[in-house]
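Let me begin by presenting the structure, written as structure tokens, before commenting on it.
The values are calculated or read from the model by the stated rules, or taken from the named source; none is laboratory data. Predicted, not measured: the structure shown is a model, and the values here were computed from it. Cβ atoms come from the backbone with ideal geometry, glycine included; neighbour counts cover every protein chain shown.
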Amino acid sequence: MAIIAPAALVVIVVVSPLAAGGAAPPSPAIGMPGCDTTCGNISVPYPFGMGPARCYHSPGFNLTCDNTITPPRLLLGGGGILQVEGFILEMSMVLVRRTPGDIRVDADDGSGSLFAAGLGNADEGAYIMLPDVWNELVLLGCNVRATLLVSSGGDSGNGTVVSACSSLCGEKGHGPLRDVPSSLESSMLCTGEGCCQAPIVAVKAAAVSGSSYSVQIEWFGRNNRSADEERMPTRVFVANKGWFENKKVSRQLLYPKRSPAKDVATGVPIWLSWEFGQDPSRNHRHSNISSSSTVRCDDDLTQVGYTCYCKQGYQGNPYIPDGCQDINECELPEDYCPGGVCTNTIGSFDCGCPPGTHGNNSTPGGCVPFISEADRCSPSCGEVHVHYPFGVGPSHCYRPGFNLTCDYPGSGKPPRLLLDSYGAFQIQEISIQNSTLRVTSSVATIEAETINPYSFHFNNYFSEGGDALFSLSTRNELVLSGCNVQATLLGPGDDPTIVSGCATFCSDSDMNAGRVPIASHASDKKSCYGMGCCRAPISTSIDGMPDMLSFKFADPNSVQNNSQPPYALIAEEGWFDNRLISDQQIHAHKSKLRFKPNVPIILQWEVLHPSGLPNANMKSLQKCPTEVAANICKSTNSHCKPGNRGYSCRCREGYHGNPYAPKGCKGGPVTLKGISVIIGVSCGMGLVILVLASLFVSKKLKHRRTHMLKRKFFEQNHGQLLEQLVSQRAGIAEQMIITLEELNKATHNFDKDLVVGGGGHGTVYKGILSNQHIVAIKKPKKVIPKEIDEFINEVAILSQINHKNVVKLYGCCLETEVPMLVYEFISNGTLYDHLHVEGPISLSWNNRLRIATETAKSLAYLHSTAAIPIIHRDVKSANILLDDTLVAKVADFGASRYIPMEKSGLTTRAQGTRGYWDPMYFYTGRLTEKSDVYSFGVVLVELLTRKKPFSYLSSDDESLIVHFVTLFLEGNLLQILDPQVIQEGGKEVQEVAAIATSCVKLSGEGRPTMRQVELTLEGLRASEEHVLDKVVAKKVYNNNIKVGVQSNTLVRKGNEGSTRRYSMEEEFILSASYPW
């Protein structure tokens, strides 16, 4: 928090107590409706108030307006000694003036009280205390020490010291002090002789209910006490910093014999801070504040109370409804958007470029003029410099055939410099010295999705025109990936030459397993040795740009069938990363997207000779004809070089620049006259070394800051707590805490191509740890600081779960602002994805029954077998993952809660997914294992019907569960069952339906346990007599739910033997009234 000079704040507070800088809305509300909010010239903002209790927040915030004098006085607390002069609502500060100014000290025991009784704290409501930095302790006297203490419970003698200082006067002299030394010239600052000053520190004890401030005086006894009092009377003040430095005040106090003997009649200014008390009996902590979208409330440093403030972009009073209003930054454009076009938005603003320009106004020089035919040639496009013979703009800006396009995509994206008319090749760099272009493209990659031959024709994009000639540079290479395929790069013409080519092979084991071998070590990720991948250099093409890149299968009859079809591409040497590109290809196919890596390519360019001049041939021509050099190389200090088909220009030795532009080559040859230049260069080299050394030191400091930031986040996320927890369990201690460096390596610095999932809570990345475990890394978007302890405890608990049907939690990373979780990677999607595919055929009935059984096993394990019972709280088909063999894995424990062994449930804020929600949990907030049973019953209904619980509505506007149970009771299940289930299932379909109906009963007591459900489903799969006929089946029968028999009533017996009858349809209609 920035500290502003207190004296300046007084003026702001008195005139406009709620001003916060920027443009304030007219006449903002500061208090509750119907309450008086002014006393004299002081405005009183809520939570403070005068009059009835509804006008102030709670005891401790009530003020009194004394109208018996003119002007009226606004008083805080009893006794009338504290007069309020202003508020700083944003900083929870109030300025008061204490009268009398000095603290009255008992002459016998040297003790005195700063505030009247009852001001310090209220049992509920305000905690009033002295803030640090703003006030100071001032002591006048000889051979005396003053100590300021804060104490609780009325024990003023044994408090916490918050300030102290001593004042000496020396041995000589008995009369009044004639001079008190000061360390300032224009004002007074005590040096410890005759007076002293000391800052006041803030302590937690000051915010404890019943605390008070007191002063203790101790005389040293170096001289006679009465003589010391004669030299300088002892007086103690607690005052706003800067008050005593004013010589009008200090002279009056230090020299009472020389100055008029006046007391500080107007009082002494003191800054007080305040907080809201957090009494557990008060359940309306934020009941009166504005919307949470505009207000934030935090615990203060004392960790006892809390305060609120308007979020950035808003101003006003956060403690009243709609008190925080949007700041219109555009009313002060010089401060927020100098020179730009300002547009106000709710909570923020946009600063656009001035008319006639475009770009990013937030960076210096970010707005550039739009280019038109009448403007000069554009020297750049985005971050790429454009050099002649290339150009953007009117025809005089480029040589024929060298015209480029500067494309502005909009939506804040940077402009792109395009080479071809299709926009397929984007220029990243133009080199005049090497006559090359570095371009990137996503179209020059061919992928074989069938056994047919594939090809890519370069000339479709490089139909040469004008004077521009292009060819592939030898700094590129051909890359081929796949099994038993070969790729060839052919030159132009009817009888093309082979520019490059290579072939790959795979072992029988790789072919049978349907995989393409790639490097397993980081040091080999850029290597290709022919097994599944090969690379070949590009030779010089004397005929220009190659015509076609093609590949075919060596044996079409033995084509591999996997998720990674073969592909070939041309790329700059050293760019290809085997593992990264392989991951991108797998991700593209899983997302049903076309595989289009953005590949860098180096192009060689030459200038075609003018019509009528001899053709270029570097083998037969040693230098360019004079006519060609004069036509192409425009700079005086340049020379021409013949190429394969055209010409290029270079600056002469000692010159540099652009030889294609007039006066483009600058500099000159080194002569004796240039010795001084060489000396200057040598000096410059020394300066460069110094700069490099500075950069090295800066890098070291940056590395150290990064390490300290990681440590800060580790401690902020309570990493020590997790270390203590895992140190007690040696089996998980070595792998539980994972470093950020490990996750950066595993995800290629969180490459967006490795994103495999995400949602409102965060993003999921696929990665490979150093131990070769393939993992899913969950990177949340935000976390509430108060839930960090609970998060760490849950991580330690979940790490102990070891069940084949529960996704394994490997560990977590605490070195980022938001902790990250590392899970076992499950590659085959979710049960929801497999169940709700398009078409009539989904998972077989046997697979559905097995998946249901495995899910029941995992939930039964969490409820009753794990070390501490755990309730999942979000059981749904989207949280049941399937591996390659369709084995079920329960995942996503972000909403889970554990229940202590001695408790039967917890009361929590309802959480889960619409359609799967236990209605009784939503209504009562009481969380038990039966909530998971209800959600599992919904999953069973989803398996039986292939209907989506969160979106299904029957013709009678009934939810899926209500409709299913109604049809079950009527014996009409065939109307809603999946046809595939009817065709493949047997009598066990009706029994599974009965289990589902029992699980989704409205009353949790009427539902079976997950252990009972597990055993029943296991018995169904084994085609044996049901293990729980006497448990679940009997419970179902007693509840009048019989398999295959219509039932309309439900009989329940109370503890007193009375019988009550409910219609089953009525019960589930009642259940439907709660959110699903």
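Brief remarks on what is shown
- Unmet requirement for Ile602, which otherwise passes all of (1) farther than 25 Å from Cys483 by Cβ; (2) modelled with pLDDT of 75 or more; (3) surrounded by fewer than 21 Cβ atoms within 10 Å (Cβ to Cβ): (3)
- Test: residue in the range 700-717 that is at pLDDT below 75 and in contact with a Phe, Trp or Tyr (Cβ under 9 Å, 6 or more places away or on another chain): yes
- In the set Leu859, Leu835, only one residue is within 26 Å of Gln990 (Cβ to Cβ) and buried (at least 24 other Cβ atoms within 10 Å of the Cβ); that residue is Leu859.
- Of all residues in the range 575-602, those that are touching a residue at least 12 places away in the same chain (Cβ under 8 Å) and in a helix (DSSP H, G or I) have Cβ atoms under 9 Å from Cβ atoms of residues that are of a type in the set (Asp, Glu) and crowded, with 19+ Cβ neighbours inside 10 Å, 6 or more apart or on another chain, in Gln585/Glu447.
- Residue check, Glu1024 at pLDDT below 90 and of a type in the set (Asp, Glu): yes
- Among residues of the range 398-432, those that are polar (S, T, N, Q) and at pLDDT 90 or above, counted: 3
- For the range 958-973, residues that are over 49 Å from the mean Cα position of the chain (by Cα) and either in a helix (DSSP H, G or I) or of a type in the set (Asp, Glu) (or both) total 2.
- On inspection, Val837 fails the criterion of being closer than 19 Å to Val1000 by Cα and either of a type outside the set (Ser, Thr, Tyr) or without any contact (Cβ under 8 Å) to a residue 12 or more places away in the chain (or both).
- Any hit, the range 256-273, residues being part of a loop (DSSP other than H, G, I, E, B), within 28 Å of the chain's Cα centre (by Cα), at pLDDT below 85 and among the charged types (D, E, K, R): no
- Residues of the range 840-877 satisfying the condition of being farther than 23 Å from Phe950 by Cβ, β-branched (Val, Ile, Thr) and part of a helix (DSSP H, G or I): Thr853, Thr865
- Which listed residue is over 23 Å from Lys752 (Cα atoms), at pLDDT below 75 and of a type outside the set (Val, Ile, Thr), from Ser591, Ser527, Ser563: Ser527
- Segments classed as strands (runs of 3 or more DSSP E), wholly inside the range 454-509, with at least 2 members that are modelled with pLDDT under 85 and on the phi < 0 side of the Ramachandran plot: 454-457, 468-472
- So Asp932, is it buried (at least 19 other Cβ atoms within 10 Å of the Cβ), within 23 Å of Asn802 (Cα to Cα) and at pLDDT 90 or above: yes
Conditions (1) among the polar types (S, T, N, Q); (2) over 22 Å from the mean Cα position of the chain (by Cα); (3) at pLDDT below 75, marked per residue:
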residue	(1), (2), (3)
Ala693	no, yes, no
Gln728	yes, yes, yes
Ile738	no, no, no
Leu743	no, no, no
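- Restricting Glu794, Glu815 to residues that are within 25 Å of Thr913 (Cα to Cα) and either in contact with a helix residue (DSSP H, G or I) (Cβ under 8 Å, 6 or more places away or on another chain) or modelled with pLDDT under 90 (or both) narrows the list to Glu794.
- The set of residues from the range 663-701 being exposed (fewer than 10 other Cβ atoms within 10 Å of the Cβ) and either on the phi > 0 side of the Ramachandran plot or not in a helix (DSSP H, G or I) (or both) comprises just one member, Thr671.
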